[in-house]
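Comments concern the structure below.
The values are calculated or read from the model by the stated rules, or taken from the named source; none is laboratory data. Since the model is a prediction, treat every value here as computed from it, not as a measurement. A quick note on method: Cβ atoms are made from the backbone with ideal geometry, for glycine too, and the neighbour counts reach across all protein chains shown.
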Amino acid sequence: MGIFSRFSDIVNANINAVLEKAEDPEKIIRLMIQEMEDTLVEIRSAAAKCIADRKELGRHIEHLEREAAEWSNRAELAVRREREDLARAALAEKQSIGDRTAKMKLELESLDGQLDKFNADITQLQSKLDDAKTRQRSIVIRHKTATSQLSARRHIHNDRIDEMLFRFESAERRIDSVESEAEAIHMGRGRNLADEIADLEQDDRVEAELADLKSKVKDGTQEKDDV
């Protein structure tokens with residue numbers, strides 16, 4: 001049995017309420033749309049048959065009206081020829097045809113009423129169908145978004161990633177520890193003996209080179225004075 005047992009169930013259905021109670025809204029909305037489309041096809045098929053019947057009935061009525069007009073002309077002709085018997089017979093045929101035509105016109109009105117009902121039903125059902133399809137697109141988009149978010153969160157909370165981050169943090173802590181130890185070694189310590197001796201040796205070399213330079217300058221000055 002379908003979701004909707006009668007057309008009124010479809011028209012009066014609260015799609016939101018149905019979907020809120022559903023365990024699988026995407027599946028339910030798909031079935032609802034299928035049910036609506038099937039019902040719409042049935043109603044349109046019935047409406048098409050009603051239209052065909054109306055056209056056929058209309059043709060019969062037109063034919064009978066032409067036939068009634070002919071019997072009226074015949075009755076008039078009979079009166080002119082003073083044949084009242086034929087005139088009465090012609091008028092009787094005309095009245096019989098008129099009675100049949102009146103019944104057919106009642107049937108035609110009934111068909112018109114059915115067509116109006118079909119048109120209203122189709123309009124209502126099409127509106128519901130459009131609404132359901134809009135909600136289906138929304139559900140599909142929301143489902144895809146939720147799936148993507150879930151996948152991303154699973155990656156974020158993946159144990160392997162957490163383990164890698166923990167390793168990085170551990171390595172950073174070890175490097176910080178080594179650097180801190182190296183900095184601590186130099187804290188509060190003055191220059192060692194080797195550094196001081198190296199400075200003295202550097203000073204001696206500078207003084208020797210300076211003395212040599214002074215000697216050269218002095219010798220050059222004396223040579224100029226002798227000349």
Which numbered condition THR39 fails, given (1) of a type in the set (Ser, Thr, Tyr); (2) under 53 Å from the mean Cα position of the chain (by Cα); (3) modelled with pLDDT of 90 or more: (3)
Some residue of segment 91-101 being surrounded by 13 or more Cβ atoms within 10 Å (Cβ to Cβ), free of Cβ contacts under 8 Å to residues at least 40 places away in the same chain and either in contact with a His (Cβ under 7 Å, 6 or more places away or on another chain) or of a type in the set (Asp, Glu) (or both): yes
